Structure formats: C-alpha cells, structure tokens
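Reviewing the structure listed below.
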Amino acid sequence: MAKAAIFILTGNESHADYGRLANGLEAAKEFVETDGDEVTVVFDGGGTQWIPELIDAESDYHELYLAIRDEAVVCDYCASAFGVEEAVDEAGLTLVNEYEGHPSIREFVADGYEVITF
C-alpha cells in the first residue's frame, strides 16, 4: 500500500506547465487505479488556476481530471488569490486551510504520505 499527496503547484502559462499538469494527473490516476493505495491531489498556488479548465468538458485534460476528482482538494487561500473560487465551487471541490489558510504539508508527512510536487 502506498500513500501519496500530489501537489499541483504549476500555473498554466507555458507549454511546460501543461506537461507538469498532465504528469501530475497521470501519477494520481495510477494511485487511484491501484487497490490499497491512497492519494490526495492538492491544487495549490498557481495550480489552482487549472480548475476552470479541468471542469470544462472540452479540455484535453478533463478525462484525467474526472479520474482523480474524488481525491482532489484546493488551497483555500490560493483559490481566492487566483480568483477561482467560483470554479472550485462549481466543481464541488473541498477547500483546505489547515495551516495559515493553506494545506498542511506537515499533516500529510505525519500521516505517512509521500509528498510529490508538480
């Protein structure tokens, strides 16, 4: 059994950013598809900007998003800072703010999760 917290931190400004998003979502999907594994996908920082695109059925990444959305959460502070609260609400994703408005990486580590960043 493996436990991973995959943080999507990359924004959506460049072609390379799209590659990091795709790699992060693919990694998460592999955990989702493996019996006994646990994964949480955290959209944090610039990564929160992806939510409006991912919930769009026309997006190239929509299917990958659908495969991991039940495991996804969004940084409360960053959703506000990047102006994506409406999309997060529309997606039905949970906002997290355990440490000064942000997700607590320490809690993931203390709970035995491997933290992976994209």
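Using only the heavy atoms of the protein chains and a 1.4 Å probe, how would R69, R106 rank by accessible area, largest first?
R106, R69
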* Asked: GNM on the chain, C-alpha springs below 10 Å: top fluctuator among G46, G36, G101?
  -> G36
* For T117, what accessible area in Å² do you get when you roll a 1.4 Å probe over the heavy atoms of the protein chains, rounding to the nearest 10? -> 90
* Asked: With each pseudo-label sitting 7 Å past Cα toward Cβ, what's the H62-D35 distance in nm, one decimal?
  -> 3.2
* Asked: Based on the alpha-carbon gyration tensor of the chain, what equivalent-ellipsoid semi-axes (square roots of 5 times the eigenvalues) come out, in whole Å, largest first?
  -> 20, 18, 13
* Check E98: other-chain or 5+ apart residues with amide H under 5 Å from its amide H, H built from backbone geometry? -> S104
* Asked: Given a Förster distance of 22 angstrom, what is the FRET efficiency for H15 paired with A81, based on the Cβ-Cβ distance and rounded to 0.05?
  -> 0.35
* Enumerate the calculated ³J(HN,Hα) couplings along region 97-102 in order (Karplus 6.51 cos²θ - 1.76 cosθ + 1.60, θ = phi - 60°), each rounded to whole Hz, writing x wherever the residue is Gly or Pro. => 7, 5, 10, 6, x, 10
* Asked: Which whole-Hz ³J(HN,Hα) couplings does region 59-76 yield from phi under the Karplus relation 6.51 cos²θ - 1.76 cosθ + 1.60, θ = phi - 60°, glycine and proline marked x?
  -> 5, 4, 10, 4, 5, 4, 4, 4, 5, 10, 4, 5, 9, 9, 9, 9, 5, 4
* List the GluC sites (Glu not before Pro) within region 1-106 that fall in a DSSP loop (any state other than H, G, I, E or B) and whose Cβ has at most 11 other Cβ atoms within 10 Å. => E13, E33, E58, E100
* So what is the accessible area of the chain per residue, in Å², with the probe set to 1.4 Å? -> 54
* Asked: If you place +1 on the Cβ of every Lys and Arg and -1 on the Cβ of every Asp and Glu, how big does the dipole about the Cα centre of the chain come out, in debye to the nearest 20?
  -> 320
* Asked: Hey, what number do you get for the chain at 222 nm if only DSSP H runs of n ≥ 4 count, each worth -39500 (n - 2.57), divided across all residues, to the nearest 500?
  -> -11000 deg cm²/dmol
* Asked: Counting only DSSP beta bridges with both residues in the chain, what percent are antiparallel, rounded to the nearest 5?
  -> 5
* To do: Putting +1 on Lys and Arg Cβ atoms and -1 on Asp and Glu Cβ atoms, find which of V84, Y18, P52 reaches farthest to the positive end of the dipole of the chain.
  => Y18
* **Carbon + sulfur, % of accessible area of region 9-105 - ligands and nucleic acids excluded, 1.4 Å** => 43
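The values are calculated or read from the model by the stated rules, or taken from the named source; none is laboratory data. Given the structure is predicted, the values throughout are model-derived calculations rather than measurements. All Cβ positions, even for glycine, are placed from backbone atoms using ideal geometry, and neighbour counts span all protein chains on display. Ligands, DNA and RNA are excluded from the accessible area calculation, which covers all protein heavy atoms including side chains. Shrake-Rupley method; radii C 1.70, N 1.55, O 1.52, S 1.80 Å.
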